[in-house]
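Have a look at the structure below before the remarks.
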Ligand SMILES: Cc1cc2nc3c(=O)[nH]c(=O)nc-3n(C[C@H](O)[C@H](O)[C@H](O)COP(=O)(O)OP(=O)(O)OC[C@H]3O[C@@H](n4cnc5c(N)ncnc54)[C@H](O)[C@@H]3O)c2cc1C
Ligand code: SF4
């Protein structure tokens, strides 16, 4: 059935539409309702419930919550463990060197921060937003942008009940139009609508390319004698080589829970590299392996993080809408923290929306929001670390981290010898042809400490309606064979942390298989495919991982 033959969509009018119930979107809804209780705000969330798609570390800097909800510490808000011990190590395959605190730039200190599950924080924020009168609709993906003339006029949720072949099943239901005077896009890193808006309005012009990392995480219940509540530990180095950026995190919190994870910068060059296997290898290091002896892995997941920082943040206002949180790229890479800036930017966006609504405006560009962030706490946070990622990428881990540390120190004192360094190529352009790289032999998983991908995806509780159109769109199927496979050796089979992509031999020829139902919505394929041939679009609302407390 063509678009014109479809039944018309129902439309609902709001003062403000928010896409994404992460910390940015929920903070926006809360701040709007605090400032303008009579204005309507709706939040759409593609996860089956708030928090279902939230995956983070997480050690949070409380500046965001303190600003938004000053009484949160006194409330029974969510489980939190204050940071007691903050360690940073450089690893070789068997050694670990602890960097003394006195050498670390003060901005990297975790003193005063809290170890949490960001999913739980979002559930708390959702309760707060609803108590203030915001409407939150989980299970609905914003799939389409609505425009009036050239201004954003809201979003439409995707149609439900469409079969793999495009036919309408008995469960077919038309999506809904959510129309707003302003729309706040808070989809997190590599938002699919944000990506379209950045291209349509040329928002990234005169900016450095956005950079990304892939973060993988497991939640473990460890033996009580292994638990060190309040311990925060980060590492760089092994198992990654000196030219590949990334590192680990390990946070002990709540009752015998350990959040362990690994981030690989997506500007890596060797198509044989597998971020998932690097994470599994990391857990076998003598510094950490004992932590997990006698423990049980409870959950697994993965999500991209935005790493470009200050010089990559696009213009964040355009007619009828704004970007907030990691959709705008507000993550601080050396701190591996973005949730505080997500909350601050959601609130800042809401303040500009509320002022415009009070003045009777709508559908125009909130230029004041774009002008405000660099002078705000978000800008101060990102400015001081702006050279960390470019120096790391250019000089490798050893020299790059040393230079980055020096630059963060001088920035703390108010100057930099490096100016503002460029990032260079976007991540999709950094892979070398397979013929120029050495294959990497990863050890087999033991099923106790290290695992394979499929048993891991099982622990993400990922579920998609199987009979629906594939949500990973290939622009040119032939190019996938001639380039992704023949030139780059099929890196999708390795970078995807959920085993969605496979090259299988059929009648002597390689065939590209997409197991879309396993997708954990990390967005890495959309970022790293060397030809930008794969586009991630939202599947039916409610599909994807169901993280209980990641
Ligand atoms: C492994 C890892 C470790 C991290 N560690 C830390 C840490 O220790 N401390 C810290 O502060 N930060 C950390 N971060 C970063 C932090 O998680 C992010 O900065 C933060 O989650 C960004 O918030 P956000 O609201 O912008 O986006 P997100 O948290 O990504 O939320 C976006 C929400 O929007 C929804 N959504 C997206 N698209 C649509 C759509 N089209 N329709 C409907 N809903 C949609 C998503 O399902 C999701 O719920 C980490 C990130 C990762 C991946
Ligand atoms: S298919 Fe893409 S978005 Fe989905 S899990 Fe794999 S890399 Fe991530």
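Since every read-out is calculated from the coordinates, none of them should be taken as a lab result. In this text, all values refer to a predicted model and were calculated from it rather than measured experimentally. Virtual Cβ from ideal backbone geometry, glycine too; neighbours counted across all protein chains shown.
Summary table
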| item | result |
| --- | --- |
| D_trans [Stokes-Einstein, Kirkwood Rh over alpha-carbon pairs] for segment 95-151, 4 °C, 1.567 mPa s, µm² s⁻¹ | 78 |
| Rounded, prolate or oblate (a/c below 1.5 giving rounded, otherwise prolate when a/b exceeds b/c) for segment 218-357 by Cα gyration tensor | oblate |
| Estimated D of segment 1-75 in µm² per second, where Rh is the Kirkwood radius over Cα pairs and Stokes-Einstein applies at 10 °C, 1.306 mPa s | 105 |
| Neighbour-count ranking [beta-carbon atoms within 10 angstrom, fewest first] of 291, 284 | 284, 291 |
| Cα shape, segment 292-373, gyration tensor, a/c 1.5 rule | prolate |
| Semi-axes of the equivalent ellipsoid for segment 470-525, Cα gyration tensor, largest first, Å | 19, 12, 11 |
| C-alpha center-to-center spacing [segment 124-156, segment 232-311] in angstrom | 33 |
| Packing-based ranking, highest mean first, of 435-446, 272-283, 392-403 given that Cβ atoms within 10 Å are counted | 272-283, 392-403, 435-446 |
| Geometric extent, Cα atoms of segment 423-492 - Rg, Dmax (angstrom) | 16.7, 41 |
| Volume of the Cα convex hull of segment 120-189, divided per residue and given in Å³ | 155 |
| Quotient of C-alpha Rg and 2.2 N^0.38 Å, computed over segment 328-384 | 1.24 |
| 310, 97 arranged by Cβ crowding within 10 Å, fewest neighbours leading | 97, 310 |
| Principal semi-axes in Å for segment 419-462 [√(5λ), Cα gyration tensor, largest first] | 33, 19, 11 |
| Descending principal axes extents, the chain, alpha-carbon based, whole Å | 63, 62, 47 |
| Cα-Cα P(r), segment 340-463, percent of pairs per 5 Å interval | 2, 8, 11, 10, 10, 12, 13, 13, 11, 6, 3, 1, 0 |
| Taking segment 315-444 and dividing mean pair separation by its residue count, relative contact order in percent (alpha carbons under 8 Å, at least six apart) | 21 |
| Compactness of segment 52-142 - radius of gyration and Dmax, Cα, Å | 17.4, 55 |
| Segment 445-550 - Kirkwood radius from inverse mean 1/r over Cα pairs (Å) | 14.7 |
| Percentage relative contact order, the chain, counting C-alpha pairs under 8 Å, at least six apart | 21 |
| Computed over segment 1-40, Kirkwood Rh from alpha-carbon pairs, angstrom | 12.5 |
| Burial order of peptide ranges 325-331, 137-143, 51-57, 472-478 (average beta-carbon count within 10 Å, highest first) | 325-331, 51-57, 137-143, 472-478 |
| Three-way shape call for segment 62-105 based on the alpha-carbon gyration tensor, with the a/c threshold at 1.5 | prolate |
| Residue-averaged [θ]222 nm for the chain, counting only DSSP H segments that reach four residues, each worth -39500 (n - 2.57) | -6500 deg cm²/dmol |
| Centroid-to-centroid separation of segment 65-99 and segment 370-389 [C-alpha atoms, Å] | 22 |
| Segments 17-30, 335-348, 487-500 sorted - mean Cβ within 10 Å per residue, highest first | 17-30, 335-348, 487-500 |
| Euclidean distance of C-alpha centroids, segment 312-330 and segment 472-494, integer Å | 31 |
| Relative contact order for segment 301-391, counting Cα pairs under 8 Å that sit 6 or more residues apart, in percent | 36 |
| Order of 160, 550, 12 under a 10 Å beta carbon neighbour criterion, fewest first | 12, 160, 550 |
